Amino acid sequence: QLVESGGGLVQAGDSLTLSCVGSGGTFSTFAMGWFRQTPGQDRKFIVGMSWNGRNKYYHDAVKGRFTISRDNSKNTIYLQMNDLKPEDTAVYYCASERRPYGLGTLPRDYGTFGQGTQVTVSS
């Protein structure tokens, strides 16, 4: 089970940090990532990180502004979002890969999602 938190309403240019806590003792062996979805659109893969943190993927839309990190001692991943733009407005979902020890760079490898947290960026 994955539970996100940290969403909210911010202004353009602001920063926000999302958190995602996972349950289970094998959290540290799974690649983790973040997806986002806007109304009427498919869920889009924006950030991923391998189980050991050595490989990271960033969609061009967020590269240079968003940073993914993990703290396995807390079963938690984070998404630091800087210089937010109105087009970042979406429901953000934390996700884990279906199998352990993955690279976390391909959306098709993700199979477990949290309930989502809303991020709204006003102009």
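The values are calculated or read from the model by the stated rules, or taken from the named source; none is laboratory data. Because the structure is predicted, anything quoted here is derived from the model rather than measured. Glycine also receives a Cβ, built like all others from the backbone with ideal geometry; neighbour counts cover every protein chain displayed. Surface accessibility is based on the protein's heavy atoms, side chains included, excluding ligands, DNA and RNA. Shrake-Rupley method; radii C 1.70, N 1.55, O 1.52, S 1.80 Å.
At a probe radius of 1.4 angstrom, the accessible area of the chain per residue rounds to 51 square angstrom. If you take all other residues with their beta carbon under 15 Å from the beta carbon of THR76, and give Lys and Arg +1 and Asp and Glu -1, the sum is 0. Run the reach check for LYS63 against lysines, Cα to Cα strictly under 17 Å, same-chain hits fewer than 8 apart removed. What comes back? The qualifying lysines are LYS44, LYS85.
Grab the other residues whose beta carbon is less than 13 angstrom from that of GLY53, score K and R as +1, D and E as -1, and report the net.
Working: positive: ARG54, LYS56, ARG70; negative: ASP71.
For residues surrounding GLY53, the net value is +2.
Rounded to the nearest 20, the Cβ-based charge dipole of the chain about its Cα centre (Lys and Arg +1, Asp and Glu -1) stands at 340 debye.
Highest average first, the peptides 57-63, 79-85 ordered by how many other beta carbon atoms sit within 10 Å of their residues are 79-85, 57-63. Solvent-accessible area of the chain (1.4 angstrom probe, protein heavy atoms only): carbon and sulfur portion equals 47 percent. Please list, in order, the residues from the stretch 79-118 whose amide nitrogen is less than 11 Å from a point placed 7 Å along the Cα→Cβ vector of GLN41. The answer is 86-91.
Segment ASP71..SER23, full-extension length gain: 16.0 nm, with 0.36 nm per residue of separation and the alpha-carbon distance subtracted. The charge dipole of the stretch 57-123, taken about its Cα centre with unit charges on the Cβ of Lys, Arg, Asp and Glu (plus for the first two, minus for the last two), comes to roughly 200 debye. Count Lys and Arg as plus one, Asp and Glu as minus one, and take only other residues whose Cβ is under 11 Å from that of VAL121; the net charge is then -3.
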